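Student: Before we start, here is the structure in question, set down as structure tokens.
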Amino acid sequence: MGSVTDECNCPQCNYPHANRVFYYRAGEETIFCPFCGYTYKKTRAGKGYKEQENHGHGAFIVGIPADGGKQILQMGAFTKSPTRANAERWMQAAEKTGATVLILTIVEDDQIVFLRGSKAELNKYCSGDGAPTE
Ligand SMILES: [Zn+2]
């Protein structure tokens, strides 16, 4: 695929373990912050590039059961700021499908708060090379 994954500081919240993937053949780039949910995408468009930046409104890491008792980690972000009640409902719906919500943050009064998990756990998940998924 021709990509390099590394960490960078989140441009929005300064979290030091934001995930950056650089696709060196295409010159495309994505940044995903699993703390605040900030996303950035630079993709080819015609002869140039198109940049798309989304403000973070909260993020999540969900463990999906896989063969051999393993778990596939899937990271994602909310595109709109969910209320606490909406986020709780979202978690319940996700867990009805058999997934485990490991981390979930929302933004309340400009503060990022954990409804599930903690900063220490988030750091643990982000010190590997889990690529962001949508
Ligand atoms: Zn961030």
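Values quoted throughout were computed directly from the atomic coordinates according to the rules given, and no laboratory measurement underlies them. Bear in mind the structure is a predicted one, so any value in this text is a computation, not a measurement. We place every Cβ from the backbone using ideal geometry, glycine too, and count neighbours over all the protein chains shown.
Student: Could I get the Rg over Rh figure for the stretch 3-126? Both from C-alpha atoms, Rh via Kirkwood, rounded to two places.
Tutor: Reported Rg/Rh (Cα atoms, Kirkwood Rh): 1.00.
Student: A further question on this structure: Using alpha carbons only, how many degrees (0 to 90, rounded to 10) separate the axis of helix 84-96 from the longest principal axis of the chain?
Tutor: 90
Student: Pairs K50/K70; K80/K119; K96/K124; K80/K124; K70/K119; K41/K119: which are spaced more than 32 Å apart, C-alpha to C-alpha? Don't jump to the answer; show the numbers that get you there.
Tutor: Working: K50/K70 37 Å; K80/K119 22 Å; K96/K124 25 Å; K80/K124 26 Å; K70/K119 23 Å; K41/K119 25 Å.
Correct reply: K50/K70.
Student: Please provide three numbers in whole Å: the alpha-carbon extents of the stretch 3-50 along the principal axes, with the largest listed first.
Tutor: 33, 18, 11
Student: Sort by residue number and name the cysteines in the chain that have no neighbouring cysteine Cβ under 4.7 Å.
Tutor: C8, C126
Student: Cα atoms only, the stretch 46-109: Rg and Dmax in Å?
Tutor: For the stretch 46-109, the Cα-based Rg and Dmax read 14.9, 45 Å.
Student: Let me ask something additional. Looking at the stretch 1-99, which trypsin sites (Lys or Arg not before Pro) are in a loop (DSSP not H, G, I, E or B) and have at most 14 other Cβ atoms within 10 Å? Mind showing how you got there, number by number?
Tutor: Details: sites: R20, R25, K41, K42, R44, K47, K50, K70, K80, R84, R89, K96; in loops: R25, K47, K70, K80.
Passing sites in the stretch 1-99 are R25, K47, K70, K80.
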